[in-house]
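The values are calculated or read from the model by the stated rules, or taken from the named source; none is laboratory data. Since the structure is predicted, the reported quantities are computational estimates derived from the model, not experimental observations. Cβ atoms come from the backbone with ideal geometry, glycine included; neighbour counts cover every protein chain shown.
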Amino acid sequence: MKLTRMYQGEDGTSQFEDIEINLHELDIGAFSRNLRPEHMSFRISPPDLVYDWHNATQKTMIVVIQGAVQTQVSNGEVRRFGPGEICYAEDVEGPGHLTTDLEGPRLSLMVFLPDDFDVHHWARSFDA
């Protein structure tokens, strides 16, 4: 399983990084390490929403449930996220990113994480 991280690189631009999430196999399926979010909410974006350049308000995992979104980071790279895909936004500073809803309305689960959340540590390990 993977997620795509959006972050501010050393050159000051927002960038993408693909991260593999280690899973722990149990009888009923494979599990990631537990998340301890500050809060979670669902969001329904209006069809054809274009959200101009902006930053994440805090570290946030966005799980697309329905619809699709195109995201452009400031280094020029563009990616599309559809149902079941996870975008982890931690570009809370810098130029940010631009989002365009493609197949709306888009339903997403927003998982807001604490400032000290380390996605690399979380992805490499797990709780049994």
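Assorted remarks:
- Contact annotation: residue pairs with Cβ atoms under 7 Å, 6 or more positions apart or on different chains, pairing a residue in segment 41-62 that is touching a residue at least 12 places away in the same chain (Cβ under 8 Å) and farther than 18 Å from Val111 by Cα with a partner that is part of a strand (DSSP E or B) and charged (D, E, K, R), are Pro47/Asp101; Asp48/Asp101; Leu49/Asp101.
- Test for Thr57: is it surrounded by fewer than 18 Cβ atoms within 10 Å (Cβ to Cβ), hydroxyl-bearing (Ser, Thr, Tyr) and in a loop (DSSP other than H, G, I, E, B): yes
- Residue within segment 16-34 that is among the aliphatic types (A, V, I, L, M), in contact with a helix residue (DSSP H, G or I) (Cβ under 9 Å, 6 or more places away or on another chain), outside any strand (DSSP E or B) and modelled with pLDDT of 95 or more present: yes
- Residue ID - nearest to Val50 (Cα to Cα), chosen from residues in segment 71-128 that are hydrophobic (A, V, I, L, M, F, W, C) and touching a His at 6+ places or on another chain (Cβ under 7 Å): Val73
- Across segment 97-128, the qualifying residues are those that are in a loop (DSSP other than H, G, I, E, B) and modelled with pLDDT of 95 or more, and the one among them that is nearest to the chain's Cα centre (by Cα) is Leu113.
- Applying the set (1) on the phi < 0 side of the Ramachandran plot; (2) not in a strand (DSSP E or B) to Asp48 leaves exactly one unmet item: (1).
- Subset of segment 11-59 (residues that are farther than 22 Å from Gly82 by Cβ, under 17 Å from the mean Cα position of the chain (by Cα) and of a type in the set (A, V, I, L, M, F, W, C)): Trp53
- Of all residues in segment 62-102 being closer than 16 Å to Ser14 by Cα and in contact with a Cys (Cβ under 9 Å, 6 or more places away or on another chain), the one that is surrounded by the fewest Cβ atoms within 10 Å (Cβ to Cβ): Arg79
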